[in-house]
Amino acid sequence: MPLALYALTAGAFGIGVTEFVIMGLLIDVSKDLGVSISAAGLLISGYALGVVIGAPILGAISGKWSKKTLLMALMVVFTVGNLACAIAPDYWTLMAARVLTAFAHASFFGVGSVVATSLVAPNKKASAIAIMFTGLTVANILGVPFGTWLGQAYGWRSTFLAVTLIGIVAFTVIALLVPKDEASAAQEETSQGVAAVLGRRAVLLGLLTTVLSWVGVFAGFTYIAPILTEITGFSEAAVSPILLVFGGGLVVGNLFGGWLADRHLVPTVVGSLIALSIVLLAMTAAIHQPILAVIAIGLFGAAAFATVAPLQMWVLAKAEGAGQGLASSFNIAAFNLGNAIGAWLGGAVIDHGPGLGSVTFVAGLVPIAALVVAVIAIRMDRANTGDAHKAAQLSPAE
């Protein structure tokens, strides 16, 4: 794998840290800015909203930029946004800075996926995407715990200053290592490109599959800590080490999913969704026994991120010829939309449904809906391929 790919991984690491580290700093932020914990929690929602709306906005603005130029510009946005977070004088300034920072998220991973696949042989494209996303998984395993410790020891602003430095490093390595490419003469990333991408039913079904799969992931993941303490019976101190098991599963599942997708893309999409559903449903029973719960947490991490590279590659394939960079960015936004809906769904199950012990069961049902959508899309593809084949056979006679 070329060094340029690891430059993208560095950017993914920084973005992963800034997205998730706020979860461990909510108490510190709320005390310092004089807001409630729930208000501080909205900083997470604000970031997710920024990811969702940032993809089409930046896609329309940067339509004809070269991909390297766009990646560097996104790291500038990321770096400036984190610096603004570090020096924010009040809550609403911090919220605005979080939303600004999130604008870089979808486009970076979207364009980065396209660049990653262009750097390698055709039979390694999904693996290249998986390696880039390894930055996100390593951020969860190492970056977020360190950022949380740093913020608790030296103030939450120090964490955002540290992430600002990561942004500078990522900008530098991208500038040095990612090869130059020509600016697009076509308008694939402009408003016409948006219509071209979203006008494809296959792309929309791919995006819907991504949303539904990650509704299931985050419906379960958001409430892992209370599940482990209140259902399984672990102490609060045991939660962090157990989440390291989850993080290890993320890395393994991410790389394995990419490896499989390079060989059999469609079966990997289907198989990863089935695996995710089975693991979440099985967790409903496993969380009542400590050893089984830890094993299930690791399998959950692996199953969750085994879906990432296949779903990203699948949407890229469906958008071929209609603006892959934009479609890829939309798919990253779809992951985050699933995150937001999943967190809400899990909370609804706790507050208005069968309760905390049933969260993973309900979460496990959602990937089944994603699987249904994927199967519909696959059948449509086969039908379209069959029609095209028949038309090709008839055309000489005409």
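With the simple model of a label 7 Å out from the Cα in the direction of the Cβ, S45 to L161 spans 3.2 nm. For the range 253-379, the Kirkwood hydrodynamic radius comes to 15.5 Å, computed from all pairs of different C-alpha atoms. For K180, the lysines whose Cα comes closer than 30 Å to its Cα, not counting residues fewer than 8 places off in the same chain, are K64, K67, K68, K124, K125, K318. Surface exposure of the chain, expressed per residue as accessible area with a 1.4 Å probe, stands at 41 Å². Using the Cα coordinates of the range 47-119, the gyration tensor eigenvalues translate into equivalent-ellipsoid semi-axes of 24, 12, 10 Å, sorted from longest to shortest.
Convex hull over the Cα atoms of the chain, averaged projected area in nm²? Provide the component values of the computation, followed by the final result.
Details: hull surface 79.1 nm².
The directionally averaged projection comes out at 19.8 nm².
As a calculated quantity, the FRET efficiency between Q289 and A238 at R0 = 22 Å, using C-beta atoms, amounts to about 0.90.
By a 1.4 Å probe calculation restricted to protein chains, D351 has an accessible surface near 110 Å², given to the nearest 10. For the chain, the mean residue ellipticity at 222 nm estimated from helices alone is -27500 deg cm²/dmol, where every DSSP H run of n ≥ 4 contributes -39500 (n - 2.57) and the total is divided by all residues, rounded to the nearest 500. Across M75, M313, M23, the residue with the most accessible area heads the list, and the full order at a 1.4 Å probe is M23, M313, M75. When nucleic acids and ligands are ignored and a 1.4 Å probe is applied, R157 ends up with an accessible area of around 70 Å². Sorting the Cα pairs of the range 1-143 by distance into bins of 10 Å, from 0 upward, gives 12, 39, 32, 13, 3, 0 percent per bin. Using heavy atoms of the protein chains and a probe of 1.4 Å, the accessible area assigned to H288 is about 120 Å².
Note: relative contact order over the chain, using C-alpha pairs below 8 Å and six or more positions apart, is 25 percent.
With K and R counted +1 and D and E -1, the other residues having a Cβ less than 15 Å from that of D90 yield a net charge of +2. At the listed q of 0.12, 0.26, 0.31 Å⁻¹, the Debye profile of the range 97-152, built from one uniform point per Cα, gives log10 I(q)/I(0) equal to -0.39, -1.00, -1.09.
The values are calculated or read from the model by the stated rules, or taken from the named source; none is laboratory data. Computed from a prediction, not measured in an experiment: that's the story for all the values here. All Cβ positions, even for glycine, are placed from backbone atoms using ideal geometry, and neighbour counts span all protein chains on display. These accessible areas exclude ligands, DNA and RNA; they are computed on the full protein's heavy atoms, side chains included. Shrake-Rupley method; radii C 1.70, N 1.55, O 1.52, S 1.80 Å.
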